[in-house]
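Beneath this line is the structure, given in structure tokens, with notes to follow.
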Protein chains: 2
Amino acid sequence: MTAAGEGPLALICGGGTLPVAVADAVIRGGRRVVLFPIRGWADPALVGTYPHCWLAVAQVGRFLHHARAEGCRDVAFIGTAVRPPFRMLRVDWEMLKLLPRVWRIYRGGDDHLLSGVLRIFEDRGFRVVGAHEVAPQILMPAGQVGSRGPTPQDLADIERGLGLLRAIGPYDVGQAAVVAVHHVLAVEAAEGTDSMLARVAELRARGRIPTPTGSGVLVKAPKPGQDRRIDLPTIGPRTVTEAARAGLAGIAIVAGEAIIAEPHAVAAAADKEKVFVYGIGKPP
Amino acid sequence: MTAAGEGPLALICGGGTLPVAVADAVIRGGRRVVLFPIRGWADPALVGTYPHCWLAVAQVGRFLHHARAEGCRDVAFIGTAVRPPFRMLRVDWEMLKLLPRVWRIYRGGDDHLLSGVLRIFEDRGFRVVGAHEVAPQILMPAGQVGSRGPTPQDLADIERGLGLLRAIGPYDVGQAAVVAVHHVLAVEAAEGTDSMLARVAELRARGRIPTPTGSGVLVKAPKPGQDRRIDLPTIGPRTVTEAARAGLAGIAIVAGEAIIAEPHAVAAAADKEKVFVYGIGKPP
């Protein structure tokens, strides 16, 4: 994957520090990287020191032109993105031809949106690779990150959360739930994980949660059938602070099928906030 | 059920207008009713004109004493309740003996909580009946309430919402979801329906919902295996205004297995807000 013979990697970059973590790992492996940061999402201070070309959301034509000029054949997507309001899309000529197709994609769930986007690139001769395939360093490891681990009760809550996420998988809904002492407190859909954790914090402040502060687990897992190349669940230091603010005991996320941003900062935040961060290993 | 020979009905009353709707229906059927309004939930102005005895949450002993003195053998629960913070419970002697059991109940999900509460009354010689069994007038009818009905797209969204609710049933989670043009926008857990609708309204205001205003359905259904005597899903005029504020096309709720409070006000609100309210009939 990191062989220089495959040409430079085009890296379409959303927000956060993951894009440069991936870029650094690929460069260390001896491969050239061209960043395509998305305006409004990517951090100019982080991406500015790499070869790069800014894009607006949906500027497919501009991407194709520059990526081909750089000799890129592989493209990966990494970093935080928010589903943009349709009016924010900057439509270029290439995109205009795609609009009827994009509109159909856009009306579906997230899975549908993402796999539709991937096909657009593949139809134009690019190979879409997972950021974790070119930079496996970003994958969540099995076991605990930081000095705490789950209790047997937490492990039971994790099991229940995973079962719930499997059950809702066919409905193309969120990738996370909060379970506290067998009680399902929240299920994520369009609002995203941070917003779901804020809701749990508010419910707790209003006395609506029967279990004490320091109980409950945020469980995250990839959706069944999800395209792993573009939408793996991700945690970072902010997830840890939000989970602590929601009064949870910890966070559990499927190891090897999820991304951890800034693992050292995650471990430090976990210890400071007295929560666990746990990579769920595959059953033997 | 309404035979006077069975003695008066003890009606434990939460908030809203449903308790007096049930009381009026039972009285019209020729049976005496004794109201046991819960302090902080029931509306004193509404319950004050009926024979009544105020209770604090968890005053089981006080209920048993007065209900027996009135000759009640049947007890029904009706009206809105919020899961109270544990510190708010007023514990009397009868309750004190039950505390270890209540604590176990309290740690479970809502189903567990409610069926545990029912058993406490049954063990003491009462028969717990559903409010809709003694006052079937409060059940949601099949078909539309108000002048609007669902479109074929809305019917498809309703089908998807019902499937999702069936899938999460075993996890003792909420009874409602919002689906818009195939896209699951929200799943209810501990926050309750009103709070979930407020979330959808906020997501829409932030441009995070891809489908236009006036699309999407709030779907409510009883949980599989839920004890229908005490926790049927309920809609009222406020549900209609909240659904309209969330930009939805309408509300669908399983007919005959859900309660509609103030049906005339619901129909008026639905027409004013231009949303549909639809009772999902049983499949033939």
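Assorted remarks:
- Among residues of segment B:222-256 being free of Cβ contacts under 8 Å to residues at least 60 places away in the same chain and within 14 Å of chain A (Cβ to nearest Cβ), the one that is surrounded by the fewest Cβ atoms within 10 Å (Cβ to Cβ) is B:Pro224.
- One residue stands out in segment A:203-221 among those that are in contact with a Ser or Thr (Cβ under 9 Å, 6 or more places away or on another chain) and surrounded by fewer than 23 Cβ atoms within 10 Å (Cβ to Cβ): the one that is farthest from the other protein chains (Cβ to nearest Cβ), namely A:Arg204.
- Of all residues making up segment B:4-33, the number that are farther than 14 Å from B:Val134 by Cα and in a strand (DSSP E or B): 2
- Positions within segment A:40-89 being at pLDDT 95 or above and at positive phi, in sequence order: A:Gly71
- Yes/no for A:Leu197 being within 21 Å of A:Arg238 (Cβ to Cβ) and either free of Cβ contacts under 8 Å to residues at least 12 places away in the same chain or facing chain B (nearest Cβ under 7 Å) (or both): no
- The lone exception for B:Asp154 - which of (1) more than 8 Å from chain A (Cβ to nearest Cβ); (2) without any contact (Cβ under 8 Å) to a residue 60 or more places away in the chain it fails: (2)
- Listed by first and then second residue, the pairs linking a residue in segment A:62-80 that is over 21 Å from A:Gly130 (Cβ atoms) and free of Cβ contacts under 8 Å to residues at least 60 places away in the same chain to a residue that is among the acidic types (Asp, Glu) and surrounded by fewer than 22 Cβ atoms within 10 Å (Cβ to Cβ), with Cβ atoms under 7 Å apart and 6 or more places separating them unless they lie on different chains, are A:Arg62/A:Asp92.
- Qualifying residue in segment B:171-185 (condition: surrounded by fewer than 20 Cβ atoms within 10 Å (Cβ to Cβ) and assigned to a strand (DSSP E or B)): no
- Yes/no for B:Gln137 being outside any helix (DSSP H, G or I) and either within 14 Å of chain A (Cβ to nearest Cβ) or not aliphatic (A, V, I, L, M) (or both): no
- Test result for B:Gly161, farther than 30 Å from B:Cys13 by Cα, within 11 Å of another protein chain (Cβ to nearest Cβ), in contact with a strand residue (DSSP E or B) (Cβ under 6 Å, 6 or more places away or on another chain) and not aromatic (Phe, Trp, Tyr): yes
The values are calculated or read from the model by the stated rules, or taken from the named source; none is laboratory data. Predicted model, so just to flag it, every value in this text is computed and none were measured. We place every Cβ from the backbone using ideal geometry, glycine too, and count neighbours over all the protein chains shown.
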